[in-house]
Structure formats: structure tokens, C-alpha cells
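The values are calculated or read from the model by the stated rules, or taken from the named source; none is laboratory data. None of the values given here were measured: they were computed from a predicted structure. Cβ atoms come from the backbone with ideal geometry, glycine included; neighbour counts cover every protein chain shown.
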């Protein structure tokens, strides 16, 4: 796996490119979290991380995330979590994403999108001051490179999930305009800080998630022949439609920016291993328990053959597939490779 993506990364770097992103600044939820939740609330345990890192890495996957593959293909080091103060270097970006986060302030994580943007603004101000007044700048971002960096968003899924958990199916889409107004405000704030290249992921089909279907099936919900929750997927499609319209409007407002919309809507029904939750686990194989009577998940023999790692999060193989599509422009609204998606 590592060799295969290595070859792809080398090929991607060799493509004709008008962009030389010196850094990545990431905003999002668990799909982009490279250690924020672990730093704030405690480490993510095995079997997470087993495929590539061979140990827990703060990522809710068996290996690398989309943002990790992006960094490889752009010739950058992996982007460390802003919340991780131990051994993290920020010269080539910082990751403000944290598992459980949402665009609007939500119940799972205090690090909603507006707060993540505020963290970035503080990060930029403090590192700029340190850079100007320090002779040891190796781990600090060059202030001149903030406007040349790639700013990525992978967030919104939890806003929709929270809606289905706490309101009716009909009420969920009513919240979308406010959610997307807050998203627009985040982009505008970053633009005001000099950001010019934005990459916006849409939301995947949450009605297909094995965890939701098996453990928390929606009440009175119509399902298709594959047992996917129709209402959830229809809501996601409507959210994605409005998100794409929001991106179009932002392009008109911010003519100096390049805003790329990336379609990651695909079916993660085929999952790999157990879901680690307090006193609850979705299992594949024989169940075992520790002394606290908490279920322990074991991974399937070959995670690379599965799209979903644990019934919620993508496997490393699926994340790699998405990034390959980034670099041929086939899932992007601008239809240009990632290394050409800059002003």
C-alpha cells in the first residue's frame, strides 16, 4: 500500500502544475482529524492506525486520511494537529479539524467551525510575531506563505446527523440555510486573513453508514433494496446541492480566490472492523471483552478491500481512491487537478 501511493505521489508531483502550495490548513471533523481529538480528550486506540502507521496515530482510520495523501502528493509533510503541542511542526501547515465537530456549535465537540477559524487566526498572529522576532524559524510558517497555502474544509456531516438525532426528517433541511451561512462566514473570515485557495468537500451518504443502519436505525424510515436510509441520503443530496450553490456564490463574492468543490459522495456499505464506542461495539468476528466488560474491536484480515474501516470512517484504501480523483479533476467542480487549483 505504501509503495503504491508512493508511486502515485511521485507521479502527481510530476504533473504540470501552476501551484506550489507551501502549506495546508485544514478545517473539519473526524474525517480530517490527524490528532486533535486525541490531544484534547485522550488517545485513539488500536486497531486504528494499524495499516500504515502500525500504531495509533490520532486518526479514525486504519491508516492515512485524505489530507495525508494530499500532503504526500504535494510533496509536504503530514499536517499536524493544532491542538497537539508535543513534537508537532507547523512550517507547512496546521490541522484544526477535530472529531465530532460541526459547522454550527454542536453537542459532540467544542471545536465547531467558527472556533477552528478563530484558532487559525490566533495561530497566524502568534507565529507571525515569533517568526519576525526569532532566529530559529525552522518549525514556524513563513508569514509570506499564508496566502499561497491550500485551505481545506471537510465538515458538515455531523450537522446533518445531529439534525436526524434531535429533530424530525422534515425539519432537518430547514436548518441548511443557517448552516451554510455560517460556512460562508468562515470562508470570508479566512479570505480576510489572506487565504485564496479553498478546497471544499461535500458530505457522503450517511444513510449508507453501517453503524447508523445497524445500531441506530431511523424510526419509520423508508429503506431501499440495499437497506440504505432513503431520507438521510436525500437530505445529504439536498445539503450538497445547497453547498455547491454556496460555493458558486462565494466565487462571485471573492474573485481573487479559487474555490474547488469536491464530490466525495459514495457508498461505504462494505465495512471492515468493529466500532470503538464506550461499552458498545459493532463487531466483525468473535467478540472479546476486557476486565471492564468493554468490547474490544478486531480488524478484518484485509482492510484494503473495504471502503469503510469501522462502519463510520473510510479505510485508507478509500481515502487513497478519493485523492487520486482529486488529481485527475474527475470529482471536482472546476474539473482541474488539485495542483492546478489555485488563483
inquiry  = Here are the criteria: (1) assigned to a loop (DSSP other than H, G, I, E, B); (2) touching a helix residue (DSSP H, G or I) at 6+ places or on another chain (Cβ under 9 Å); (3) at pLDDT 60 or above; (4) surrounded by fewer than 22 Cβ atoms within 10 Å (Cβ to Cβ). Tell me which single one residue 310 does not satisfy.
reply    = (4)
remark   = The correct count of residues that are crowded, with 22+ Cβ neighbours inside 10 Å and part of a helix (DSSP H, G or I) in region 147-160 is 4
ask   = What is the number of the single condition among (1) in contact with a helix residue (DSSP H, G or I) (Cβ under 8 Å, 6 or more places away or on another chain); (2) within 23 Å of residue 76 (Cα to Cα) that residue 111 does not meet?
value = (2)
query = Would you say residue 153 is in contact with a strand residue (DSSP E or B) (Cβ under 6 Å, 6 or more places away or on another chain) and under 25 Å from residue 323 (Cα atoms)?
reply = yes
ask   = Residues of region 234-268 being within 16 Å of residue 329 (Cα to Cα) and more than 19 Å from the chain's Cα centre (by Cα), which ones?
value = 258
task = Return the residue satisfying two criteria in turn: it lies in region 70-87 and is in contact with a strand residue (DSSP E or B) (Cβ under 7 Å, 6 or more places away or on another chain) and part of a loop (DSSP other than H, G, I, E, B), and of such residues it is nearest to residue 41 (Cα to Cα).
result = 82
ask   = For residue 114, which of the numbered conditions (1) loosely packed, with under 15 Cβ neighbours inside 10 Å; (2) more than 27 Å from residue 327 (Cα to Cα) fails to hold?
value = (1)
Conditions (1) over 28 Å from residue 323 (Cβ atoms); (2) touching a residue at least 12 places away in the same chain (Cβ under 8 Å): number failed by residue 167 = (2)
ask   = Which members of region 242-291 meet the condition of being more than 18 Å from residue 30 (Cα to Cα), at pLDDT 85 or above and part of a loop (DSSP other than H, G, I, E, B)?
value = 254, 255, 256, 257
key: Extreme residue, surrounded by the fewest Cβ atoms within 10 Å (Cβ to Cβ), among residues of region 242-264 that are free of Cβ contacts under 8 Å to residues at least 12 places away in the same chain and either in contact with a strand residue (DSSP E or B) (Cβ under 7 Å, 6 or more places away or on another chain) or farther than 15 Å from residue 194 by Cα (or both)   = 252
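One line per residue, one yes/no per condition, for (1) crowded, with 19+ Cβ neighbours inside 10 Å; (2) at pLDDT below 90:
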{"site": "5", "(1), (2)": "yes, yes"}
{"site": "10", "(1), (2)": "no, yes"}
{"site": "18", "(1), (2)": "no, yes"}
{"site": "72", "(1), (2)": "yes, no"}
{"site": "89", "(1), (2)": "no, no"}
